[in-house]
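Read the figures in this text as sums done on the coordinates, not as results from a lab. These numbers were taken from a predicted model, which means no experiment stands behind them. Glycine gets a Cβ as well: all are built from the backbone with ideal geometry, and neighbour counts include every protein chain shown.
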Amino acid sequence: MANNFFRFNLNKIPFYYVSGLFLGTQEWERKKLIQPGNYGILLVLQGVVYLSVGRHFFTVYKNEFLVVPPFQQARGFRKIPRGTRYVWIHFFPRTEVKIDNQYHQPAKHEAVFPRHGRLYNVQKVITSAIDLINMGQEKNSYIADLAIAQFLLILSEDYAELVKSRQENNSHMEIAESVYKYLTIHFLEIEHIKDLESVTRFSVPYMNKQFKEKYNVSLYQFLIELRLRYAKRLLALGNDPVYAVASQVHFPDSKNFSRLFKRKVGVSPLQYRKQKANYRISTPTYDPVIPVSDKIMNQLIADGLKWPKKRK
C-alpha cells in the first residue's frame, strides 16, 4: 500500500479536541471507533499497536506514528502486548486537508508528513506531544489550539529531517554534525563514548575537540544529557522502578543515577514521577468519547467543513 502524505494548512489554527497517554497494563484490542470529523495521531513509545483504518491494516512500532483521518472506522485487528505505551492526539483542522501520493517540502504555514512514518528526533517530538497533553488541561482552550499547531509543525520538521538524513552522504558531512545526529538517534546504543570510534573511524579526542568547538559541550556531557532526557520520559510515562530506569539509560549504579538526576533536574527521580503523574491514563479500555463543543462545531461549519452523508 502506497503511503499517503497529509498537508495541513495552518493559516487557521486547528482546534484541540482531546489527547492523552495510554499505558497497556494488559493485552488489549482496540475497540471500533469512528472519529466525527477530527484527525487522530498515534505516537508509539513502547511496544506495538495493530490498527485497521478503513480497509488498510497498520502495524505501528516503537518510535513510529500513524495518522487516523476522520469518518473512517478504526479498530484493533490484533491484541497489543502488555507494556505498550502510546500518545494519542485528536484535533480538528480548520481548512481542507490535502492528501498527496508523494512527499513534497511544506510551504510556509504548512505541516506535511505521511500517514505512517518513523520519528527522527524522538525526544523533540515526544516532548512536544507531552507539552500538548499538559496544555490540554488549561482553562484557556486557545493555548491548547496553539500547542496543536506547534506539534504539527514539529512533526513536519522532524519528517523533513528524516528525509534529508536519508539523502545526505555522511562522508561529506562535517564530523561534529555527523556525531551529533548519530548520538541524538542512537544514544541508547552507546554505552561508552569510545564506542563511537567503531562507527565514525575517528578518535575520541579528535571528535570531542570538533564537537566542543561547534556545540560548546563535550561528547560525554551531551551523552549524559540525552540519557537524562530519556530517563525523564521513562519516569513520566511508565511504571518501571528507578533502578530499572537507571539501567535502561546505562547507569549501572542507581544511587549515582539518582544523585546526578537530582543535581541536573532539581528533584529526585521519584519526586519527578509524582510531578508528572497527571500524564497517565492507565485503563486498558479507554478511548476518547467526548462531545464536541457547540463553539467548535459552529466554527467548523462556518469554515466550510463538509460532513459525509449517512449511508442508508
Rounded to the nearest 500 deg cm²/dmol, what is the calculated helix-only ellipticity per residue at 222 nm for the chain, with -39500 (n - 2.57) per DSSP H run of length n ≥ 4?
-12500 deg cm²/dmol
Residue-wise HN-Hα coupling along segment 241-250, computed from phi with Karplus coefficients 6.51, -1.76, 1.60 (Hz; x: Gly, Pro)
x, 4, 5, 6, 4, 4, 5, 5, 9, 6
Please give the helix 204-215 orientation as an angle from the longest Cα principal axis of the chain, in degrees from 0 to 90, rounded to the nearest 10.
50
Over segment 20-178: Rg over Rh, Cα atoms, Kirkwood Rh:
0.98
Quick one: work out Rg over Rh on the C-alpha atoms of the chain, Rh as Kirkwood radius.
0.99
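Counting pairs of alpha carbon atoms under 8 Å apart in space and at least six apart in sequence, what relative contact order in percent does the chain give?
Normalised by residue count, the contact order of the chain is 21 percent.
Stretch LYS139-GLU29 to full length: gain in nm at 0.36 nm per residue minus the Cα-Cα span?
Stretched fully, the LYS139-GLU29 segment lengthens by 36.3 nm.
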Compactness of segment 170-277, expressed as Rg and Dmax over alpha-carbon positions, Å
15.2, 46
Give the long-range amide H neighbours of GLY83: residues separated by 5 or more places, or on another chain, with amide H under 5 Å away, using H modelled in the peptide plane at 1.01 Å from N.
GLY24, THR25, GLN26
Search the structure for amide H atoms under 5 Å from the amide H of LYS62, placed 1.01 Å from N in the peptide plane, and list their residues when 5 or more places away or on another chain.
GLY47
Sequence-distant or interchain residues sharing an amide H contact under 5 Å with VAL68, placed H: which?
GLY40, ILE41, LEU42
In whole Hz and in residue order, list the ³J(HN,Hα) couplings for segment 258-265 that follow from phi through the Karplus curve 6.51 cos²θ - 1.76 cosθ + 1.60, θ = phi - 60°; x for Gly and Pro.
5, 5, 5, 4, 5, 5, 7, 9
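With an 8 Å cut-off on Cα pairs and a minimum separation of 6 or more residues, tell me the relative contact order of segment 170-277 in percent.
Taking the mean separation of contacting Cα pairs over the length of segment 170-277, I get 20 percent.
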Provide LEU219, LEU153 in ascending order of the number of other Cβ atoms located within 10 Å of each residue's Cβ, fewest first.
LEU153, LEU219
Checked against the positive end of the charge dipole of the chain (+1 on Cβ of Lys and Arg, -1 on Cβ of Asp and Glu, about the Cα centre), the farthest of LEU162, LEU237, HIS192 is LEU237
